[in-house]
Amino acid sequence: MTPSQPIETATNADLRGSWLALQRAALRARQIAAQTGTAVVVMRNGVLEHVYPQAGQASSLPDAASVHGKPT
């Protein structure tokens with residue numbers, strides 16, 4: 001098995017930009033969840049959790065970088 005390379009070094013520009021796109025999508029999902037009272041499912045320490053953000057607290061949920069250890 002070949003060691004994984006950082007996505008930032010991919011030769012495909014779409015692939016290089018995909019991590020930032022995923023972060024933007026996650027932020028928007030948190031904002032919508034806060035507005036609608038919907039749970040956001042996150043994984044912490046291998047355990048799935050349902051988090052119900054309050055309006056104005058969407059940014060306090062763990063972001064993808066802190067959950068998956070990727071650079072921001």
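Laboratory data are not the source of any read-out in this text; all were calculated from the coordinates shown. As the structure is a computational prediction, the values presented were derived from the model and not from experiment. Note that each Cβ is placed from the backbone with ideal geometry, even for glycine, and that neighbours are counted across all protein chains shown.
Before moving on, here are some points about what is shown:
- Using the average count of surrounding beta-carbon atoms within 10 Å as a protection proxy, the listed peptides 35-48, 15-28 rank, highest first, as 15-28, 35-48.
- Pair Asp14, Val41: separation of 7 Å Cα→Cβ label points (nm): 2.7 nm
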